[in-house]
Structures are given as structure tokens and as C-alpha cells.
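What follows is one structure encoded as C-alpha cells, with my remarks underneath.
The values are calculated or read from the model by the stated rules, or taken from the named source; none is laboratory data. Just so it is clear, the structure is predicted and the values come from calculations on it, not from any experiment. Cβ atoms come from the backbone with ideal geometry, glycine included; neighbour counts cover every protein chain shown. Side chains are part of the model used for accessible areas, which takes the heavy atoms of the whole protein and leaves out ligands, DNA and RNA. Shrake-Rupley method; radii C 1.70, N 1.55, O 1.52, S 1.80 Å.
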Amino acid sequence: MQIDFIFDAVCPWCYIGKRRLEQMLAKRDGLGPTINWRPFLLNPELPAAGIDRNAYLTGKFGSESRIGRIYGAIADVGLSVEIGFNFETIRHTPNTIDAHRLVRLAAQEGKAEAAVEALFEGYFVEGLNIGEIDVLATIATRLGLDGSAVTGHLESDEGIAEIYDANAHAHRLGINGVPSYVFNENMVISGAQEENVLARMLDAAMAEGEF
């Protein structure tokens, strides 16, 4: 069983979706699927340095009251899956290409999932600017990776084209929002689905694979 989890590191629903997937799989002891962490760029037009978060949210959602309602509701859902969103600490909306490149680099050491979790926690709980190379290098060091090597990688152009290619591939699959899940490369569902929905998709993919 292969599950592609398609996400962006600045998407709170992706953090929730990751938790729900983990909770569902925890009830399928012994299944042991291969999970691939695939990049999606929610804001590919952002400058490399990112932008002020307040300006970004105002441009996207309008009034502060609406922003408060939206993120208050997300925070409530987060608590249901043991995520303590700390939105008020976030000052910056980053370009996430380098964050995705870190995940790809971590995957070479078998630490892709740990990198995804660290990015989510760093951004949504600690308020870190995960668009900055030094921040990403610090996260990498926490994961046991070579921070200097990560810095050198991110300061180069290596891997950038692959992120854009993966993003384009997701769109070719008809994916226009995240999180999205692809089961065994042919069954796709989008949105931070409840555990029972993910379980049904998993069962359907497993049944199809038997033929």
C-alpha cells in the first residue's frame, strides 16, 4: 500500500490532515503503508522572501473579523487532533519551495515524515519563518541532519525544478487544493478528511489492489 500525502507546509488543514491520517493508520496495526510526502505550492507567485502575514491574510480574506473567525475555527479543529495552533505568533507568510526541498533532502536519510512534522510545528506552533534558510538549517540539525550541508543545498538551485515538476504533476491529477491523498497511485481524495473517510478510501484501494 502506497499513500501519497500532498501538502504545503503553510497549510493548517494539511497539519490536521496529517494527524487524521496518522490516527487512522494507528488503528490498522501491521499495515505499514509507504507514505510519500509530495509538495504542493499554494502560493507559487510569492517572492522568494515571502510577505508580511497580515498583508497576505487581508488580501486573501478581507476583514480582521473574518480572519479571526476562520482561524479560530481552524484552531478548534486542531485541538481535536492534539495540535496547539499558535497563529498569533506567525508574522510572515513564506515562499515554501525551500521547505519542500528540505523534506526531499531529509527523505534521503529516511526522515521525510520527521521533517514535515518539524516544519508544521515550527511554523504553526513556534511561529518560525520557514522560508529562511538559517531557520530550515536549524530544523535540519534538530533532525540529526548536517546543517551546513543543508545550508549549501538550499543556497544552490539544486532540487528547485523537481518541486515545480511535482507541483505541476499534482495539478495534472486534478488536485487544486491540499491536503490531498493518493492511494496506490490511482485513488485521489482532497481535503482534511475525517478518519472514517480515509479508512474507506484505504479499504477501497486495498480491495482494488487484490484484482
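Answer yes if at least one residue in the stretch 126-147 is in a helix (DSSP H, G or I), in contact (Cβ under 8 Å) with a residue 40 or more places away in the chain, crowded, with 17+ Cβ neighbours inside 10 Å and not aliphatic (A, V, I, L, M), and no otherwise. The answer is no; no qualifying residue exists.
Yes or no, residue by residue, for (1) open to solvent by 70 Å² or more (accessible area, probe 1.4 Å); (2) touching a strand residue (DSSP E or B) at 6+ places or on another chain (Cβ under 7 Å):
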site: I6; (1), (2): no, yes
site: P12; (1), (2): no, no
site: I16; (1), (2): no, no
site: K27; (1), (2): yes, no
site: T34; (1), (2): yes, yes
site: P47; (1), (2): no, no
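Conditions tested, residue by residue: (1) of a type outside the set (V, I, T); (2) without any contact (Cβ under 8 Å) to a residue 60 or more places away in the chain; (3) not in a helix (DSSP H, G or I).
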site: A166; (1), (2), (3): yes, no, no
site: V182; (1), (2), (3): no, no, yes
site: V197; (1), (2), (3): no, yes, no
site: R200; (1), (2), (3): yes, yes, no
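Residue check: is I97 farther than 20 Å from H169 by Cβ, of a type in the set (V, I, T) and buried (at least 16 other Cβ atoms within 10 Å of the Cβ)? No: the conditions fail for I97.
Here the condition is being within 27 Å of M1 (Cβ to Cβ), touching an Asp or Glu at 6+ places or on another chain (Cβ under 8 Å), open to solvent by 70 Å² or more (accessible area, probe 1.4 Å) and touching a residue at least 40 places away in the same chain (Cβ under 8 Å); of R38, R20, it holds for R38 alone.
Scanning the stretch 59-88 for residues that are in a loop (DSSP other than H, G, I, E, B), open to solvent by 30 Å² or more (accessible area, probe 1.4 Å) and over 27 Å from E45 (Cβ atoms) turns up E82, G84.
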